[in-house]
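**Q** First the structure, then my questions, so here it is.
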Amino acid sequence: MVNLAFYICMNKQIIVTAALLGALAVVLGAFGAHGLRAVLEPRQLEVWQTAVQYHFYHVFALLFLAVFNQDKNKSAVWAYYFFLFGILLFSGSLYLISCRDILGVPGLTALGPVTPIGGLLFILGWVMLAVAAFRNK
């Protein structure tokens, strides 16, 4: 059985992770709006903005998740990892794909199949958040 200290530490980890990923989302959003506007095609900039948008959505989901992790909720821990890896795979792959031309790596389009895996992780994270809410006392 996992002890209470694990969940307290995990709750802090969720909030710190969300805060750092939130700061990164702001930086990447501003970079896309100001630094990449002149160098990306409109479609590539749209892909970048989609990555930022989903990145932000799931930062807020992580913050909300911290509410449910105070009651020894394993579902909340699973949701944390699903959201975290969803951001890395979904948004991360879109960031790289949108910049493939300026990075000089056209092979980054091979990351295309990674994006839906990240999307699936987002879905699983939301399902686990619902389970965490249901189990919350």
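**Q** For the range 73-100, which residues satisfy the criterion of being under 13 Å from residue 10 (Cβ atoms) and not in a helix (DSSP H, G or I)?
**A** Within the range 73-100, just 73 meets the criteria.
**Q** Residue check, residue 75 against (1) among the polar types (S, T, N, Q); (2) closer than 29 Å to residue 136 by Cα; (3) surrounded by fewer than 17 Cβ atoms within 10 Å (Cβ to Cβ), all met but one. Which one?
**A** (3)
**Q** When only residues in the range 33-46 that are part of a helix (DSSP H, G or I) and not acidic (Asp, Glu) count, which is nearest to residue 67 (Cα to Cα)?
**A** In this case the residue turns out to be 33.
**Q** Continuing with the same structure: Being outside any loop (DSSP other than H, G, I, E, B), more than 24 Å from residue 126 (Cβ to Cβ) and at pLDDT 95 or above is true for just one of 19, 30. Which residue is that?
**A** 30
**Q** A further question on this structure: So in the range 110-123, with the set limited to residues that are surrounded by 12 or more Cβ atoms within 10 Å (Cβ to Cβ) and modelled with pLDDT under 90, which one is nearest to residue 78 (Cα to Cα)?
**A** Looking at residues that are surrounded by 12 or more Cβ atoms within 10 Å (Cβ to Cβ) and modelled with pLDDT under 90, I get 111.
**Q** Between residues in the range 4-16 that are assigned to a helix (DSSP H, G or I) and modelled with pLDDT of 75 or more and residues that are surrounded by 12 or more Cβ atoms within 10 Å (Cβ to Cβ) and hydroxyl-bearing (Ser, Thr, Tyr), which pairs lie under 7 Å by C-beta distance while being six or more apart or on different chains?
**A** 14/80
The values are calculated or read from the model by the stated rules, or taken from the named source; none is laboratory data. Everything quoted here is computed from the prediction, not taken from an experiment. Here the Cβ is made from the backbone with ideal geometry for all residues, glycine too, and neighbour counts use every protein chain on show.
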